[in-house]
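**Q** Quick one: structure below, then a few questions.
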Amino acid sequence: MSSFRNTVWGLRAPYRKDANWLMNSSTANALDKMKNATTGEYLWRDGHMAGAPPSFLGYPVEFDENMPDN
């Protein structure tokens, strides 16, 4: 999980505020099962409002099936 956090914090602040994750469904399936080791909470969040995208680590997720796994 630290590599995901490194990815987030590796972005410069002006870009981080509007960042999105881009992944295919297979990658989303793997991330959907990840939990915070301390709290046991899932890191993946389904969209809470109609039409809202799911989020991972607080950033929206967009899907592109042409993205490679990983």
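The values are calculated or read from the model by the stated rules, or taken from the named source; none is laboratory data. Treat the numbers as computed from the prediction; the structure is a model and nothing was measured. Cβ placement follows ideal geometry from the backbone for every residue including glycine, while neighbour counts extend to all protein chains displayed.
**Q** Between residues in the stretch 39-50 that are within 15 Å of Asn29 (Cα to Cα) and residues that are modelled with pLDDT of 85 or more and among the acidic types (Asp, Glu), which pairs lie under 7 Å by C-beta distance while being six or more apart or on different chains?
**A** Close Cβ pairs satisfying both conditions: Trp44/Asp32.
**Q** From the list Asn29, Asn66, Asn24, which residue is in contact with a Pro (Cβ under 8 Å, 6 or more places away or on another chain) and modelled with pLDDT of 90 or more?
**A** The unique qualifying residue is Asn24.
**Q** Now a separate question. Residue by residue through the stretch 13-38, note down the ones that are part of a loop (DSSP other than H, G, I, E, B), closer than 18 Å to Ser2 by Cα and touching a residue at least 40 places away in the same chain (Cβ under 8 Å).
**A** Result: Ala19, Asn20.
**Q** Can you tell me which of Met23, Met34, Met49, Met67 is loosely packed, with under 10 Cβ neighbours inside 10 Å and either among the hydrophobic types (A, V, I, L, M, F, W, C) or under 9 Å from the mean Cα position of the chain (by Cα) (or both)? Give the steps one after another, and end with the answer.
**A** Values: Met23 fails: loosely packed, with under 10 Cβ neighbours inside 10 Å; Met34 fails: loosely packed, with under 10 Cβ neighbours inside 10 Å; Met67 fails: loosely packed, with under 10 Cβ neighbours inside 10 Å.
Result: Met49 is the single residue among Met23, Met34, Met49, Met67 that is loosely packed, with under 10 Cβ neighbours inside 10 Å and either among the hydrophobic types (A, V, I, L, M, F, W, C) or under 9 Å from the mean Cα position of the chain (by Cα) (or both).
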